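Heads up: the structure comes next, in structure tokens.
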Amino acid sequence: MNEDTASKSPKALILFGPPGSGKGTQAKLLREARQVPHISTGDMLRERIAMGDPLGRQVQGLMQSGRLVPDEVANRLVDERIARPDCAGGFILDGYPRTIPQAEVLGRRLAERGFETVVIHLKVDYTVIIKRIAGRRQCPVCGTLYSLTSNPPKKADVCDLDGAGLVIREDDQEDVIRERLEAYDRQTRPLIEFFAGAGHALKEVDAGLDGPDAILQRISGLLGNR
Ligand code: AMP
């Protein structure tokens, strides 16, 4: 029996990696495969902006320029979400934690609630990322992501699911992508050492050139059956 099949604690799976490394795509595939909630702070924040509530108005400018929102905002969203009953059997975090203070708060919460933490680090070269994000399109209605190269819509620029015209996310514009990669280097990349120091299982996956299904298989192999 290996360490994964031996553990009975529910898993908090942290998908970690730079913007454009495929965290969102893998999180959605893993949600289907493992039947646990997918928690994306980026999606939650975009929803709040679309609703136009005070929190949405507070974070809009930061997100549009590619900078991180304050730790307290991200921490509060995740804290409330993982306390809900559907997370009791485990969940997938996508885009959180992104700073050391966030990782410290999360680490305390997960320990209090008895979760085992597993970090999956999706490794991709920045040249591949810039190309990949530049070809990314999103449905403004249902949020589905498309890639002009690896996962194009059936009809150009139109969502397969609801027929809405696809758009380029504002923070996927090239200058903003560079700012997001810089924020990753400065604030998020140091978490790799933090996770290792905190004793979390840290698994690296080459997520550069293969398609989403091959990468999912690689992750599933590392996680075992549970
Ligand atoms: P994402 O969709 O995960 O790439 O997130 C898009 C944007 O939302 C980021 O560039 C940040 O401005 C903001 N954001 C998402 N998650 C966090 C987080 N954990 N901490 C701070 N800002 C975040």
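Miscellaneous remarks
The rows are residues; the columns are (1) under 26 Å from K131 (Cα atoms); (2) modelled with pLDDT under 95; (3) open to solvent by less than 30 Å² (accessible area, probe 1.4 Å).
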site: K8; (1), (2), (3): no, yes, no
site: L13; (1), (2), (3): no, no, yes
site: P19; (1), (2), (3): yes, yes, yes
site: T25; (1), (2), (3): yes, yes, no
site: R46; (1), (2), (3): yes, yes, no
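- Applying the criterion of at least 1 residues that are of a type in the set (V, I, T) and touching a His at 6+ places or on another chain (Cβ under 8 Å) to the helices (runs of 4 or more DSSP H) found wholly in the stretch 142-226 leaves 191-197.
- Candidates D71, D53, filtered to the one that is within 11 Å of the ligand (Cβ to nearest atom), over 29 Å from A214 (Cβ atoms) and of a type in the set (D, E): D71
- Of all residues in the stretch 13-58, those satisfying the criterion of being more than 13 Å from the chain's Cα centre (by Cα), in contact (Cβ under 8 Å) with a residue 12 or more places away in the chain and not in a loop (DSSP other than H, G, I, E, B) are A33, R34, R46, I49, L55, Q58.
- If the condition is being within 28 Å of A103 (Cα to Cα) and among the small types (G, A, S), then the stretch 142-190 contributes G143, A183.
- Looking across the stretch 118-138, just one residue is in a loop (DSSP other than H, G, I, E, B), under 18 Å from the mean Cα position of the chain (by Cα) and not aliphatic (A, V, I, L, M), and that is D125.
- Here the condition is being open to solvent by 80 Å² or more (accessible area, probe 1.4 Å) and not small (G, A, S); of E193, E179, it holds for E193 alone.
- In the stretch 83-94, residue nearest to the ligand (Cβ to nearest atom) [restricted to those that are closer than 14 Å to S40 by Cα and open to solvent by less than 10 Å² (accessible area, probe 1.4 Å)]: L93
- R113 falls short on exactly one of the conditions (1) over 24 Å from L181 (Cα atoms); (2) open to solvent by 40 Å² or more (accessible area, probe 1.4 Å); (3) at pLDDT 95 or above, and that condition is (3).
- When Q102, Q58 are checked against the criterion of being among the polar types (S, T, N, Q) and out of contact with any Asp or Glu (no Cβ under 7 Å at 6 or more places or on another chain), Q58 stands alone in meeting it.
- Residues that are within 10 Å of the ligand (Cβ to nearest atom) and either of a type outside the set (G, A, S) or on the phi > 0 side of the Ramachandran plot (or both), drawn from the stretch 38-50: T41, D43, M44, L45, R46, I49
Conditions (1) out of contact with any Lys or Arg (no Cβ under 6 Å at 6 or more places or on another chain); (2) in contact (Cβ under 8 Å) with a residue 24 or more places away in the chain; (3) aromatic (F, W, Y); (4) farther than 19 Å from I14 by Cβ, marked per residue:
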site	(1), (2), (3), (4)
R137	yes, yes, no, yes
P152	yes, no, no, yes
V158	yes, no, no, yes
V167	yes, yes, no, yes
V176	yes, yes, no, yes
G197	yes, no, no, no
H200	yes, yes, no, no
P212	yes, yes, no, no
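The values are calculated or read from the model by the stated rules, or taken from the named source; none is laboratory data. In this text the structure is predicted, and so the values were computed from the model without any measurement. With ideal geometry, Cβ positions are generated from the backbone for all residues, glycine too; neighbour counts draw on all protein chains shown. Accessible surface is based on the protein model in full, side chains and every heavy atom, while ligands, DNA and RNA are left aside. Shrake-Rupley method; radii C 1.70, N 1.55, O 1.52, S 1.80 Å.
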